[in-house]
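First the structure, in the form of structure tokens, and then the observations on it.
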Amino acid sequence: MKIEIAENAGFCYGVMRAIEIADKALREYKSLCSFGPIIHNPQVVEEYQKKGLKVIESLDEADGPVLVRSHGVPPKVYEEIEKRGLKVIDATCPFVKEAQRYARQLYEEGYKVVIFGDNEHPEVKAHLGYTDYTASVINSPESASSIKASRVGVVCQTTQSVERFGLTIGELAKRIRELKVFNTICDATEKRQKAARELARRSDVMIVIGGKNSANTRKLYEICKENSKRAYHIETERELERDWFENAENIGITAGASTPSYIIERVYESIRDMVNG
Ligand code: SF4
């Protein structure tokens, strides 16, 4: 039996950077607030709460410097933090910032801005703010028909699937005269998805680790389900079940961008103990 961890599994550059910024700020300030959970991983959020990072949902709860997480926030949130005389500690991923800049640019150039992504995702909500809330959000090739404009500019949530983005752009191109597209899908996501797909194809069972609230982990799980016989999405090793590995010769593991390496290692070791025990 072979257990293999996919390349590029786990923390991406932007998440790693946000964690480092939080660690540094926690050493510097007595209290620190994070506008929403620092990353979409309940175990890491809990660990940081113990270190003194308070998760707030509204700025009314802020009582110290405010950490902006890797997903970013709309411009009005920066303004509001400053208005309240609080310090901003900005951990927005530089790739997300780039997508925000493109959204703004398209808006200023007079395009009807379309964001390919998940309406409810904080990154998309932030992008919307850079278009003064005029952009439309679509998330499938089918929904492309809802866009009625002659000049359309598109940006993409950084963690979307390349395939679906491509298909959606194809649909838009069929009906829109002037189409300007910024492919803002981040490299890390593409590489992680590609490695997961390849590993899933040669695995009997795929284990996908990451927060159930993590969009990029859920996408990885979809990819693994499509490409392997069995796939399971877990947050920690405690959810593993021995039955999943019955008659499996090749077991693959991958993990979303907000999964720390120590959780990946624990899952690997638990599977090894289960299948050998
Ligand atoms: S997935 Fe990419 S864009 Fe998103 S935080 Fe990580 S590095 Fe940044």
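The values are calculated or read from the model by the stated rules, or taken from the named source; none is laboratory data. What you are looking at is a predicted structure, and each value in this text was computed from that prediction instead of being measured. Heads up, the Cβs are rebuilt from the backbone with ideal geometry, glycines too, and the neighbour counts pull from every protein chain shown. Calculation scope for accessible area: heavy atoms of the full protein, side chains included, ligands and nucleic acids excluded. Shrake-Rupley method; radii C 1.70, N 1.55, O 1.52, S 1.80 Å.
Quick notes
- Report summary: the helix-based calculation at 222 nm, which adds -39500 (n - 2.57) for every DSSP H run with n ≥ 4 and divides by the residues of the chain, gives -13000 deg cm²/dmol.
- For Ser34, distant residues with modelled amide H under 5 Å away: Lys54, Val55, Ile56, Leu67
- The residues neighbouring Leu106, those whose beta-carbon lies less than 14 Å from its own, together hold a net charge of 0 under the Lys/Arg +1, Asp/Glu -1 convention.
- Over all other residues within a Cβ to Cβ distance under 9 Å of Arg151, the charged ones net out to +1, with Lys and Arg as +1 and Asp and Glu as -1.
- For the chain, dividing the convex hull volume of the Cα atoms by the residue count gives 121 Å³ per residue.
- Largest to smallest in accessible area, the residues Arg17, Arg164 fall in the order Arg164, Arg17 (1.4 Å probe, all protein chains included).
- The aspartates and glutamates within cross-link reach of Lys54, meaning a Cα-to-Cα straight distance under 18 Å and a gap of 8 or more places when in the same chain, are Glu20, Asp23, Glu28, Glu46, Asp63, Asp90.
- Out-of-range pairs (alpha-carbon distance over 19 Å; input Lys148/Lys174; Lys148/Lys219; Lys97/Lys212): Lys148/Lys219; Lys97/Lys212
- Calculated SAXS-style log₁₀ I(q)/I(0) at q = 0.14 Å⁻¹ - the range 33-173, Debye, Cα scatterers: -0.69
- The calculated FRET efficiency for the pair Asn276 and Met16, based on their C-beta separation and a Förster distance of 25 Å, comes to about 0.20.
- One equal scatterer on each Cα of the range 167-277, no solvent, Debye formula: the resulting log10 I(q)/I(0) at q = 0.15, 0.23 Å⁻¹ is -0.66, -1.26.
- Under 5 Å between amide hydrogens, built in the peptide plane, is the criterion, and for Glu4 it picks out Ile251, Gly252, Ile253 among residues at least 5 positions away or on other chains.
- Here the 3J(HN,Hα) profile of the range 247-252, calculated from phi with Karplus coefficients 6.51, -1.76 and 1.60 at θ = phi - 60°, is 6, 8, 9, 10, 10, x Hz, Gly and Pro shown as x.
- 15 Å tail of the calculated P(r), the range 13-92, as % of Cα pairs: 49 percent
- Taking 15 Å as the straight-line reach from the Cα of Lys112, the aspartates and glutamates in range (excluding those fewer than 8 positions away in the same chain) are Asp132, Glu178.
- The stretch between Thr134 and Glu163, if pulled fully straight at 0.36 nm per residue, gains 7.8 nm over its current Cα-Cα span.
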